[in-house]
Amino acid sequence: MKNTGTAFWLHAALLTVFIGASSAPSPLYEFYAREWGLGSAAVTVVFAVYAVAVLLTLLVVGSLADHLGTRPVLLGAVALQIGAMMTFAFAPGPAMLLAARALQGVATGAAMGAAGAALLAFEGTVRRGRGSLVNSAASPVGLSIGALGSASLVRFLPEPTKTVYFFLAALLLVLGTALLWLPSAGRKAPGWLRSLVPEAKVPSSARKTMAATMPVAAATWALAGFYLSLGPALAHAITKDSSVLVGGLALFALFVPGALAILVVRGWSDRNTLMTGVLSLIAGISLTVLAVQLGSAALYFTGTVVAGIGFGSGYFGAMRMTLPLCGPHERIAMLSSIYLICYLGFSVPAVAAGLLVAVAGMKNTTLIYGAALVLAAVPALVLIAKGTRTSRSNLAAASPAAS
């Protein structure tokens, strides 16, 4: 198909920008909290509204691109995301902030499955396995650029609560326009209205592998949810520095190592990739929790970097082992199911943490949250270390290591 190589990278850029936009408000949460008197619980509710909207959208429209093609779904998502950016920019209070986050969640949920499926469809013009690689890397790359980029724009440019949203809206407009001139992926088939009935689909060929890998993926996203909702406030408290850049740097320290880890482990075996992810996740979380208890900023950022390696390699290992197990007509439903699991981990624990902060304080909340994530990762570590026949067959049945 003509221009499919360009189409691959356009969809990679779109997916990265959509995910990056989701982290752009995070450095501003404390500003909103001061401006409108929001507590930690309210901040996490604002954060969670986005994740819930993503989940519901994935359930409702996750398979729509299988019937309409990816271009119409993505164009609609771009229009909604630009609307969300404008709502953020002119929000007069908490109610409109919630509305903006909800609209952003709907747009992102619609885009994630469609853009991810297009990457898998067009990867043959780039390199085999590159679709899974970009689907995995888009999250840490987008989240890190969105967080630090937003913090930098807020710190150095005027109108801190508007500039970042104007910039993202303009970028989305350019990328959305480019979609009109490049190929669309996905088949056009009848039954689009019936496809809107909420349903999570996992191909039978992938169920055993998903059962082994998705708890790790959910744990990595639970870590990301904690940092995106409460990370800036925690960084400010531990460094005694209220600069918005410090909050953005904490997010950057988590997600950039995640992206780099994906590049490093992409040639490793599935077992070693997942093992690296689980061990790094446990070690990084433990160091971070210890840093908070000791009040050590240096140890905090060290632990965050190590945890970021676990985020990237653990999530990538899970994605790489599951995505190749579905047929072309099952890609969007499979991606929607994976994102559904990840975003449950992303949202529910973060809201619980926000409620717990009001009762137990930030230090104790970090300890409890960290312990829960470590416990969630331990079964996967035991499964891999034991090398039972079941785990070996599941890992071997997955795709070869992406090149």
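The values are calculated or read from the model by the stated rules, or taken from the named source; none is laboratory data. Since the structure is predicted, the reported quantities are computational estimates derived from the model, not experimental observations. No Cβ is skipped: glycine too gets one built from the backbone with ideal geometry, and neighbour counts run over all protein chains shown. SASA here: full protein model, heavy atoms, side chains in, ligands and nucleic acids out. Shrake-Rupley method; radii C 1.70, N 1.55, O 1.52, S 1.80 Å.
Add -39500 (n - 2.57) for each DSSP H run of 4 or more in the chain, then divide by its residues: what number comes out at 222 nm, to the nearest 500 deg cm²/dmol?
Counting only the DSSP helices, I get -27500 deg cm²/dmol.
Where in the chain are the DSSP H helices whose alpha-carbon span along the long axis reaches 15 Å or more and whose Kyte-Doolittle mean is at least 0.5?
Flagged H segments are 4-23, 40-61, 70-89, 94-122, 130-156, 163-179, 207-239, 244-265, 270-294, 297-322, 331-386.
With only Lys, Arg, Asp and Glu charged, each at its Cβ (+1 for the first two, -1 for the last two), find how big the charge dipole of the chain is about the Cα centre; round to the nearest 20 debye.
Dipole about the Cα centre, nearest 20: 1000 debye.
Given the chain, report the % of alpha carbon pairs whose separation exceeds 41 Å.
Taking all Cα-Cα pairs of the chain, the fraction more than 41 Å apart is 9 percent.
State in Å² the accessible area per residue of the stretch 1-102; use a 1.4 Å probe, count heavy atoms of protein chains only, and round to the nearest integer.
33
Probe radius 1.4 Å, ligands and nucleic acids ignored: give me the carbon and sulfur share of the accessible area of the stretch 71-173 as a rounded percent.
Solvent-exposed carbon and sulfur of the stretch 71-173 make up 72 percent of the total.
Find me the longest stretch of the chain that has none of the exposed chymotrypsin sites (Phe, Trp or Tyr not before Pro), where exposed means in a DSSP loop (not H, G, I, E or B) with at most 12 other Cβ atoms within 10 Å.
No qualifying site falls inside 182-403, the longest such stretch.
Calculate the radius of gyration of the Cα atoms of the stretch 1-155 to one decimal place, then report Dmax, the largest Cα-Cα distance, as a whole number, both in Å.
When restricted to Cα atoms, the stretch 1-155 yields Rg and Dmax of 16.3, 54 Å.
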